[in-house]
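What follows is calculated from the coordinates using simple rules that are stated; it is not laboratory data. What you see is a predicted model; the values in this text were computed from it and never measured. So basically every Cβ, Gly included, is an ideal-geometry build from the backbone, and we count neighbours across all protein chains shown.
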Amino acid sequence: MPDAAKVSPRRRLPLWSGCERIRKMSFAKSSALAVAALALAAQPAMAQAQRDCISEAEVSALIIYAVPHAMRGVRNRCGASLAADGFLATRGAQFSQRYAALADANWPSAFRALTRMTADGEGAAKGKLQLDQLPPELVRPLVDEMIAQMVGGEVAQADCGRIERAAEVFAPLDPAELGEIAAVFLSLAGVDKPKICAVN
């Protein structure tokens, strides 16, 4: 029987060890816009009791925070293959800016969600400690770049048009509405890495 074709290994991101776990999580692969989301300075957040799931509110915050950086990754990956008069070329920056304006408000919850995503199993304490050891002003730019790199690396050229169409459809929604819809969708879809907390 002929050998199966070998798949080239993915390039590792030059960040901390927890990033590789995020790259492998089904959450990141569920939606190019949600990645993350991405897509990790809130010391009070770390004082909360640890859970084995993240809340829909945290997922929503993560999605809202990640959108501008995810869109940057999409543009870097797809720019040459999309029409010059298409949505991303003509209105993509405006779309991203609406979410970027909410970044500061959503960062603490997004950071809390990503801390839980990178801290699982036996490596939980180690993963959390690594994030805590980095100053917030350093962590946040690294997370921004990580989201853009992850999305750019995951998107296939054949999907660029569909992603642009999805962004165009989502554009009229308020960012909070998109975050909530995506969080509920991911919960209903049974995403378990990380698990989304059940709503009582």
**Asked** If the viscosity is 1.306 mPa s and the temperature 10 °C, what Stokes-Einstein diffusion coefficient in µm²/s follows for region 141-186 when Rh is the Kirkwood radius over Cα pairs?
**Response** 129 µm²/s
**Request:** Compute the separation of the alpha-carbon centres of region 94-108 and region 78-93 and state it in Å as a whole number.
**Result:** 21 Å
**Message:** How much length would be gained if the chain were fully extended between GLU168 and ARG98, taking 0.36 nm per residue of separation minus their Cα-Cα distance, in nm to one decimal?
**Reply:** 23.8 nm
**Fill in**
Here the FRET efficiency for ASP85 versus GLU137, based on Cβ atoms and R0 = 35 Å and rounded to 0.05, is 0.35
**Message:** One quarter of the convex hull surface, Cα atoms only: what value does that give for region 53-92 in nm²?
**Reply:** 3.5 nm²
